[in-house]
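As structure tokens, the structure follows; a few thoughts come after it.
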Amino acid sequence: MQIEMDWQNTVKRNGPDTSRAAAQSVAEQAQTLRAQVVWALVRARRPMAAEELAQAMGLETQQVAKRLSDLRRLNMLSDSGQRFVNSSGRSAVRWRLC
């Protein structure tokens with residue numbers, strides 16, 4: 001599954017080659033993680049919050065939350081209307097696939 005975003009817009013046009021290489025590497029890792037998040041939601045067969053996904057995937061919540069933002073911008077996720085009380089006691093959106 002390929003879920004791409006344009007990494008080239010994150011680097012200055014006249015930036016050094018190392019900046020371009022780093023941006024491309026990060027973009028590739030993010031693409032892989034976005035696909036993993038989608039598959040985790042498919043397997044769960046239910047909406048999940050970032051913290052729930054992170055626990056299921058063995059990742060940090062921050063890693064998953066960033067990819068959820070990406071997927072929402074790509075119109076692949078939407079707010080399910082359900083909420084989850086996370087470990088900090090705050091209410092979190094449970095996301096569903098579109």
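The values are calculated or read from the model by the stated rules, or taken from the named source; none is laboratory data. Values in this document were obtained by computation on a predicted structure and should not be read as measured data. Virtual Cβ from ideal backbone geometry, glycine too; neighbours counted across all protein chains shown.
The residue of the range 61-98 that is surrounded by the fewest Cβ atoms within 10 Å (Cβ to Cβ), among those that are assigned to a loop (DSSP other than H, G, I, E, B) and out of contact with any Leu (no Cβ under 7 Å at 6 or more places or on another chain), is G89. Scan the range 42-59 for residues that are in a loop (DSSP other than H, G, I, E, B), over 18 Å from M76 (Cα atoms) and over 12 Å from the mean Cα position of the chain (by Cα) and jot them down. Residue satisfying the conditions is G58 alone.
The conditions of being free of Cβ contacts under 8 Å to residues at least 40 places away in the same chain and among the charged types (D, E, K, R) are met by D79. Taking the listed residues G15, G58, the one that is loosely packed, with under 13 Cβ neighbours inside 10 Å, at pLDDT 95 or above and farther than 15 Å from L97 by Cα is G58, with no other qualifying. Scan the range 74-92 for residues that are under 16 Å from V38 (Cα atoms), touching a helix residue (DSSP H, G or I) at 6+ places or on another chain (Cβ under 9 Å) and not charged (D, E, K, R) and the total you get is 4.
Taken over the range 40-55, the criterion of being exposed (fewer than 15 other Cβ atoms within 10 Å of the Cβ), among the charged types (D, E, K, R) and on the phi < 0 side of the Ramachandran plot is satisfied by R43, R46.
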